Amino acid sequence: MDAAWVDRWLREAVQRAASKPLPKSREELADLQASGSLLLRRSLGVDGLWSDSRQPPPAVQTGSADQGGFTLERWVVETQPGVRATVLLYRPKGGERHPVILNPHGHWPLKKAEPVVQARAIEQALCGYLAAVIDSPGFSWEGDRPVERKAMGTHWDFVPTCAGVTATGVYVWDIVRVLDFLESIPYADCAKVGITGESGGGTATVYAFALDGRIRCAVPVVYAASLEVQPDNGCPCNHLPDLLSLGDRAHALALRAPAPVLLIGATDDEEFPPEAVRRTGDKLREMGDRLGFEGWCETALYEGPHTYSEPMRRAALRFFDRHLRGFPEPTPVPPESSLAIEPADSPRLLCDPRPLPSASFRSIARERLEAAGAATTQAGGHLGALGGSGFEALVEASPTPGAGAALVLCDQTRGDLPRDWTPVRAPGLWGERGPSARYCTILGVPTALAAAAALTAAARTCPGRDVVAIGPMACVATLLAASLGATLGTVVLCGLPQSHSALLDELGPDYDPQLLPILPLAHLRGDFPALLAEAPARKTIHLPLEATLSELREALASGPNGGRNR
């Protein structure tokens, strides 16, 4: 099996999931909105954070500046423990309450300081909107440029992704909590809230809009491309665990139907091509025609490359004027050349000049694993599905104190383990092949995540314990727990596949790829042993899956802990 076969296999899986029909009746739509909202929360990793009784988050204003036609306010909002979102508020002059436009941004090198991001926020403020620009967490292509929130980590780190923590999930939750904060200030009219963003900001726009019913309308720009047309587009931020179970991007937007949506695309956009954006719009309009939601979804394509151009900004403002303020005619907008764009290094754009230590994607993932593992032990060993897989997982974690016991993770229960070895079992998604062989999926690793949570809890109780992982899922769970900070002794990996391709080859071409939550193709081409470089075990030993008990004992006896397991 070569990379081309894997790519073709995955593309077909994505296209098949994206081709799922949209609802044909209002009853079907209600069912989709109920089940899909829960699935989306799990996929974003915010289901444990969501509450209908949230209080406004802690927020500190760090400065303000008079910019002529508006005031530029600098804020730091703690959106979850240790996560400090930097936010610019472009506040119109005047004492009245202003309708709100939330502005997540794309992967610009300067993030919120990028001129194209500043331009749209300034235009919104001059037209009477309170424009909130929320800085994205982490970094991707920013390099050494003066941007904030880099301490969160890189978007290209797939270890937190395997634990259900993604940059997109953190960003969407930032947006939700910033809206909670805006509800607490007197000059924000949060009964009239819209959202717009481009590229990666379009990603955040779609999912924040789908998640939060307070946002009345949305304008995703150069993003909402149908996966039927472009199944492998986007950086890691465009790929969320198990989101294909929901369907296409049209299905995510349908979670809020008939709330108004304007899809904007660019004719020369290769990442999110115009025909793919048009396909999303066609699917939503066809559904709207069937259900009587005429005119709720519009599509507009503009000449030019992948950007948020001046004509696009004008179209978005006309849309917001119509749907948030009921204006039949658009508000006059000053020409772009007259806008007071700040230099990228301007202190007026720096919200957190002396940043406190920040949480990171990895630390969030580690804390969630530890909490899940602790809950497992406290609940008598039972743990529900993690990571939004939609499939039930059962974990048994019964760490036994004492230096003489190794922890064992098995892809399936084995009855021939020594009595002084503590089993940590996580049954997965099994596919029968042959009279006795059983195989499990590990792409998307919902069950490996559950096993990693149990292992993390056990390692915290008795740090430095030796670990035996039997089977590919168990190996990946062990590497995941170790890379996120579990303190392990000698690690024996039995049957670690060299790559996802090797695993797929073992499963065979008849295995149903619909069961696999699809992660980015770059990750799927990667090797599992790359995780070993980050696993702080004292020694790692590889054995074949068919290793005998005597070989396992010998491997542990050769480790730093001597022969204690004999």
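Any read-out appearing in this document is the output of simple, stated calculations on the displayed coordinates, not a laboratory observation. Predicted model only: the values in this text are computed from it and were never measured. Cβ sites come from the backbone with ideal geometry, for glycine too, and all protein chains shown count toward neighbours.
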As computed over the range 3-347, the Cα convex hull volume per residue (Å³): 136 Å³
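Considering lysine pairs in the range 3-347 that are 8 or more places apart or on different chains, how many have Cα atoms under 16 Å apart?
Working: K20/K283; K24/K283; K111/K150; K112/K150.
Pairs that pass both the separation and distance tests number 4.
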Karplus-derived 3J(HN,Hα), 6.51/-1.76/1.60, for each residue of the range 361-367, Hz, glycine and proline x: 4, 5, 5, 4, 4, 5, 5
For the range 3-347, share of DSSP beta bridges that run antiparallel, in % to the nearest 5: 45 percent
Long-range amide H partners of V408 with built H, under 5 Å: T422, V424, V468
Least to most buried among W141, W50, W108 (fewest other Cβ within 10 Å first): W141, W50, W108
Built amide H within the under 5 Å cut-off of F327, gap 5+: R322
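Grab the beta carbon distance between S25 and E298, set R0 = 22 Å, and tell me the FRET efficiency rounded to 0.05. Don't jump to the answer; show the numbers that get you there.
Working: r = 23 Å, r/R0 = 1.06.
Computed FRET efficiency for S25 and E298 comes out at 0.40.
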Computed FRET value (nearest 0.05) for S184 with R290, which takes r as the C-beta separation and R₀ as 35 Å: 0.30
In Hz, Karplus ³J(HN,Hα) per residue of the range 254-259 (6.51, -1.76, 1.60; θ = phi - 60°; x = Gly, Pro): 5, 4, 10, 4, x, 4
Highest-first arrangement of 351-359, 314-322, where packing means the average Cβ count within 10 Å: 314-322, 351-359
Separation of the A371 and E270 label points, Cα + 7 Å toward Cβ, nm: 4.2 nm
Derived scalar couplings ³J(HN,Hα) [the range 55-71; Karplus, 6.51 cos²θ - 1.76 cosθ + 1.60; whole Hz; x for Gly, Pro]: 9, x, x, x, 9, 10, 7, 9, x, 7, 8, 7, 10, x, x, 7, 10
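Report the GluC sites (Glu not before Pro) located in the range 122-187 that are in a DSSP loop and have at most 10 other Cβ atoms inside 10 Å of their Cβ, or state none.
Loop-located and lightly packed - none at all.
How would you rank Y223, Y302, Y187, going from fewest to most other Cβ atoms within 10 Å of each one's own Cβ?
On the way: Y223 29, Y302 21, Y187 16.
Arranged by neighbour count, lowest to highest, Y223, Y302, Y187 become Y187, Y302, Y223.
What is the gain in length, in nm to one decimal, between S346 and W50 on full extension, counting 0.36 nm per residue of separation less the C-alpha to C-alpha distance? Before the final figure, lay out each step's value.
Details: separation 296, 0.36 × 296 = 106.56 nm, distance 3.58 nm.
Going from the current span to full extension adds 103.0 nm.
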FRET E, pair A151, T487, Förster distance 30 Å, beta-carbon r, rounded to 0.05: 0.80
